[in-house]
Amino acid sequence: SHENRTPLNGIVGLNKLMQDGIDDKDQLHDYLTKSVSTSQYLLSLVTDILDISKLSAGKMEILQRPLSLSALVKNVETIIGMRMVTKDQSFSVQSDIQADTVIGDKTRIEQILLNILSNAHKYTPDGGQIALDVRQELHGRKVLTVFTITDNGIGMSEEFQKEIFKDFSREMTRESEGASGTGLGMAISHVLALTMNG
């Protein structure tokens, strides 16, 4: 409830400020920009809470369908690449895909990769480097696909590494101050990966 209340209070406060300053166009524009940003954060929070609730209740449906790994990686590269530009970060993708068509849930695999890459983007300073590497090992009719994401961001403490997959867990340090997030992305990614036998 605390996680929901914070952005909701922000939106309520901004609406009041807009009512009071309706004739000041510049100030109104600033309030609207902040309101849109806060609303988007609230929407992502609600989505994450619904996802974690479904996963905890075993109600999340995993679709097993043929998918193209190269197309999936390209889509992730396009989505996250646009964000990297805002902080002048370099984003490189290396892949050695031997079996492009595999069976899995494209949406959920993308969700995991985007969650982790979003964290890399968020906690890597301007001008930093982020990389996605995709490798495969063939074992008869089975294919092991390994996604590795690296960055030169602020990192995390050894203590927090034990907490990272818990709901609403975020390491609060001087370096991470000001970075917004629900603390659910890694928890969701972890449960999704386990659900898909990852």
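A few comments on the model shown:
- Å² per residue, accessible surface of the stretch 1-60 at 1.4 Å: 70
- Against the rule of thumb 2.2 N^0.38 Å, how large the Cα Rg of the stretch 84-198 comes out: 1.16
- Considering only TYR123, GLY198, GLY21, the residue lying farthest towards the positive end of the dipole of the chain is GLY198, judged by Cα position with unit charges set on Cβ.
- Label point distance in nm, GLU163-LYS59, each placed 7 Å from Cα along Cα→Cβ: 2.9
- Projected area averaged over orientations for the stretch 1-115, convex hull of C-alpha atoms, nm²: 10.3
- Built amide H within the under 5 Å cut-off of ASN152, gap 5+: GLN129
- A Förster distance of 35 Å, applied to the separation of the beta-carbon atoms of LYS142 and SER39, puts the FRET efficiency at 0.20.
- Expressed as a whole percent, the accessible area of the chain that falls on carbon and sulfur atoms is 53 (1.4 Å probe).
- GNM flexibility winner over the chain from LYS74, LYS34, LYS25 (Cα, springs under 10 Å): LYS25
- Bridgeable aspartates and glutamates around LYS166 (alpha carbons under 19 Å apart, same-chain partners fewer than 8 residues away excluded): GLU3, ASP48, ASP51, GLU158.
- Simple label model, 7 Å out from Cα along Cβ direction - GLN94 to GLN27, nm: 5.4
- Whole-number percent relative contact order across the stretch 55-198, with pairs defined as alpha carbons under 8 Å at least 6 apart: 24
- Converting phi to 3J(HN,Hα) with the Karplus coefficients 6.51, -1.76 and 1.60 and the offset θ = phi - 60°, the stretch 83-99 yields 5, 4, 4, 5, 10, 6, 8, 8, 10, 10, 10, 10, 9, 10, 9, 9, 10 Hz in sequence order, with x at every glycine or proline.
- Excluding same-chain neighbours fewer than eight residues apart, the lysines reachable from LYS106 by a Cα-Cα span under 16 Å are LYS74.
- GNM result for the chain, Cα springs below 10 Å: residue of ASP24, ASP88, ASP133 fluctuating most strongly: ASP24
- In the distance distribution for the chain, Cα-Cα pairs more than 25 Å apart total 48 percent.
- SER118-ASN152 pseudo-label distance in nm [points 7 Å out on the Cα-to-Cβ vector]: 2.6
The values are calculated or read from the model by the stated rules, or taken from the named source; none is laboratory data. Keep in mind that what you see is a predicted model, and the values were worked out from it rather than measured. Heads up, the Cβs are rebuilt from the backbone with ideal geometry, glycines too, and the neighbour counts pull from every protein chain shown. Ligands, DNA and RNA are stripped out before the accessible areas are found, and what is left, the full protein with its side chains, is counted by its heavy atoms. Shrake-Rupley method; radii C 1.70, N 1.55, O 1.52, S 1.80 Å.
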